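Colleague: The structure that follows is given in the form of structure tokens.
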Ligand code: GTP
Ligand code: MG
């Protein structure tokens, strides 16, 4: 799929104020600083469409971007950036869980994971939460430019093992990406295009 247009539509923290059009949407979620906003810029070929930062906690709201006039990419705040330790449910802000539980236009969530890191408790908790809530999701392993392909693949294999050990029957569909090099861009856009066509 070619991205021919990408426009910012609205930011807010209330699910009922998200765009009302019945267009398919895809949301990026994951720990703060994992690269959600950067990936939106990479996919859309824009430098600053979504605001990014070297410091965690940059994205604070639900941000809708309309792509090719007929679907949405959604940038969400990260989780796991808290000074005090909290229970899992508290860690995921209420408006984020509201978004996943109420947003009918959501077709698929993409859970972003830093490919360099071992499976983190908070990501596993979030993945379990999505599973329990019946939200379809894929995984995206980010920052692949920081590792060799072989190392990235072996980290993904370790992640898969961890999920299976956590009572998941199988690894969800996954992508290995880099917003620096553009790796994974075609695969991800093709995947979204296929769902949009269904
Ligand atoms: P929050 O909005 O705080 O939740 O963070 P985010 O997940 O949106 O992360 P963001 O896109 O702002 O990126 C965080 C930092 O990681 C920035 O310094 C980016 O330049 C860097 N970064 C993001 N993606 C990549 C990547 O693929 N490769 C490398 N090397 N750096 C990346
Ligand atoms: Mg962000």
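The values are calculated or read from the model by the stated rules, or taken from the named source; none is laboratory data. Keep in mind that this is a model prediction, so the values were computed, not measured. Reconstructed Cβ throughout: ideal geometry from the backbone, glycine too, with neighbour counts over all protein chains shown.
Colleague: Of 169, 153, 187, 132, which residue is in a loop (DSSP other than H, G, I, E, B) and out of contact with any helix residue (DSSP H, G or I) (no Cβ under 8 Å at 6 or more places or on another chain)?
Modeller: 169 is the lone residue from the list that is in a loop (DSSP other than H, G, I, E, B) and out of contact with any helix residue (DSSP H, G or I) (no Cβ under 8 Å at 6 or more places or on another chain).
Here is a yes/no grid of residues against (1) surrounded by 14 or more Cβ atoms within 10 Å (Cβ to Cβ); (2) touching a helix residue (DSSP H, G or I) at 6+ places or on another chain (Cβ under 9 Å):
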site	(1), (2)
4	no, no
10	no, yes
21	no, no
54	no, no
62	yes, yes
66	yes, no
78	yes, yes
95	yes, yes
105	yes, no
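Colleague: State yes or no: is residue 80 within 11 Å of ligand 1 (Cβ to nearest atom), more than 15 Å from residue 135 (Cβ to Cβ) and modelled with pLDDT under 95?
Modeller: When the stated conditions are applied, residue 80 passes them.
Colleague: Just to be sure I understand, how many residues within the range 129-157 are away from ligand 1 (no atom under 14 Å from the Cβ), over 13 Å from residue 30 (Cα atoms) and within 20 Å of the chain's Cα centre (by Cα)?
Modeller: The number of residues fulfilling the criteria is 10.
Colleague: In the range 153-176, is there at least one residue being within 16 Å of ligand 2 (Cβ to nearest atom) and crowded, with 17+ Cβ neighbours inside 10 Å?
Modeller: No, the range 153-176 has no match at all.
Colleague: Between a residue in the range 25-53 that is more than 20 Å from residue 119 (Cβ to Cβ) and without any contact (Cβ under 8 Å) to a residue 24 or more places away in the chain and any residue that is within 10 Å of ligand 2 (Cβ to nearest atom) and part of a loop (DSSP other than H, G, I, E, B), which pairs come within a Cβ distance under 6 Å, given they are 6 or more apart or on different chains?
Modeller: 51/58
Colleague: Something else now. Restricting attention to the range 23-41, which residues are surrounded by 23 or more Cβ atoms within 10 Å (Cβ to Cβ), assigned to a loop (DSSP other than H, G, I, E, B) and more than 9 Å from ligand 2 (Cβ to nearest atom)?
Modeller: none
Colleague: I've got another one for you. Taking the condition of being out of contact with any strand residue (DSSP E or B) (no Cβ under 8 Å at 6 or more places or on another chain) and part of a helix (DSSP H, G or I), how many residues in the range 96-129 meet it?
Modeller: Matching residues across the range 96-129 total 9.
Colleague: Could I ask something else about it? May I ask you to verify whether residue 65 is touching a strand residue (DSSP E or B) at 6+ places or on another chain (Cβ under 6 Å), within 13 Å of ligand 2 (Cβ to nearest atom) and touching a residue at least 24 places away in the same chain (Cβ under 8 Å)? Working first, answer last.
Modeller: Values: touching a strand residue (DSSP E or B) at 6+ places or on another chain (Cβ under 6 Å): yes; within 13 Å of ligand 2 (Cβ to nearest atom): yes; touching a residue at least 24 places away in the same chain (Cβ under 8 Å): yes.
Yes; evaluated as a whole, the condition is true for this residue.
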